[in-house]
Amino acid sequence: MKAMEKKTGTEQKEQRAEATPPIDVYENDQEFLLVADMPGVSQGEAEVSLEEDRLVVRAKSPFRRYHRELLVPPSVDGEHVSAAMKAGVLTVHLPKRAPYRPRQIEVRGT
Amino acid sequence: MFEYRGLLDRPPRDIFGWEDLFRGFDRFVRDFDRELTSFGYVPSEITEEDGRFVLRVEAPGLTEKDVKVDLNGGVLTVSAQRPLEVPKGYGARRRERTETRFSRSFVLGDKIDPEKATADMKDGVLTVMVPKAAGQQRKSIAIKAS
């Protein structure tokens with residue numbers, strides 16, 4: 001249903017009027033780290049949500065609106081995503097599910 | 001012969017009618033943009049409101065400690081630097097953000113009040129306000145019927 005709604009004309013037009021913030025994605029064994037530049041956006045004006053397999057970022061500054069959607073890999077643990085906004089920069093931590101994290105297995109002697 | 005020495009220089013005495021031409025050019029620079037010299041791209045906007053100049057610069061990730069604002073001889077200069085490093089212990093998967101490194105200067109002229117200028121950094125946006133000198137502000141004059 002959501003995908004259908006997206007295709008209506010007015011929705012498309014509104015999206016074009018929005019700015020696409022530049023994004024960096026970093027990764028380590030434990031998580032993905034997403035960093036987005038959105039100058040003018042204060043903490044209360046940024047919204048991050050997971051919609052199925054997409055991470056949706058929406059924000060509002062006194063000058064413009066920002067909107068960005070990214071595909072999230074299945075390894076991400078959606079329950080533990082956290083986000084913070086500081087000095088116009090959004091950071092989102094996307095931890096990986098346990099089965100996707102490397103695990104050290106102790107080798108025991110007998 | 002006339003030698004062009006930069007935007008700040010006054011045109012020479014008007015012998016060949018250059019003065020009007022250059023006044024026009026000077027005006028174009030001052031009114032349209034007010035920008036003098038710069039390096040590095042940074043989204044910025046300077047507006048002339050009633051009674052003051054307002055400069056707004058987008059500098060995400062920067063705090064008041066990273067930005068330098070200088071007002072000297074009617075020229076406003078804003079500069080800053082933000083190196084972009086991969087966070088420790090992470091590998092980069094996608095990099096779209098760019099390093100912030102800029103210096104931009106704007107000619108405001110001498111009819112300003114530098115003492116009352118203010119600069120404020122909030123949510124990665126720098127706002128500099130420079131009031132015009134008293135007497136330079138627009139004033140409407142009431143017309144009395146007689």
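The values are calculated or read from the model by the stated rules, or taken from the named source; none is laboratory data. On a predicted model such as this, the values are computed, not experimentally measured, just so you know. Cβ sites come from the backbone with ideal geometry, for glycine too, and all protein chains shown count toward neighbours. Heads up: the accessible areas ignore ligands, DNA and RNA and are worked out on the full protein's heavy atoms, side chains in. Shrake-Rupley method; radii C 1.70, N 1.55, O 1.52, S 1.80 Å.
Below, the figures for the structure above:
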item	result
Per-pair calculated FRET efficiency, R0 = 51 Å: B:D110 and A:D29 via Cβ, rounded to 0.05	0.25
Per-residue mean of C-beta atoms belonging to partner chains within 10 Å, peptide A:36-48	4
Cut-off 15 Å between beta-carbons: net charge of the residues surrounding A:P74, Lys and Arg +1, Asp and Glu -1	-3
B versus A: buried accessible surface, summed, Å² (probe 1.4 Å, to nearest 100)	2000 Å²
For A:P21, net neighbour charge (Lys/Arg +1, Asp/Glu -1) across residues whose Cβ lies under 14 Å away	-1
Distance in nm between pseudo-label sites at A:T110 and B:K122 (7 Å out along the Cβ direction from Cα)	7.0 nm
Shielding by partners - mean other protein chain Cβ count within 10 Å, residues of B:119-129	4
Cut-off under 5 Å, modelled amide H: who pairs with A:R65 long-range	A:A19
Cut-off under 5 Å, modelled amide H: who pairs with B:T63 long-range	none
Neighbourhood charge, 13 Å Cβ-Cβ cut-off, centred on B:T127 and excluding it, Lys, Arg +1 and Asp, Glu -1	-3
Cβ neighbours within 10 Å from other chains - mean over B:86-97	6
Cβ-Cβ FRET estimate between A:S82 and A:S42, R0 fixed at 22 Å, reported to 0.05	0.75
Percentage relative contact order, segment B:50-132, counting C-alpha pairs under 8 Å, at least six apart	42 percent
Charge-dipole axis of segment A:63-102 as Lys and Arg at +1 and Asp and Glu at -1 on Cβ define it, positive-most pick from A:Y100, A:S82, A:H67	A:H67
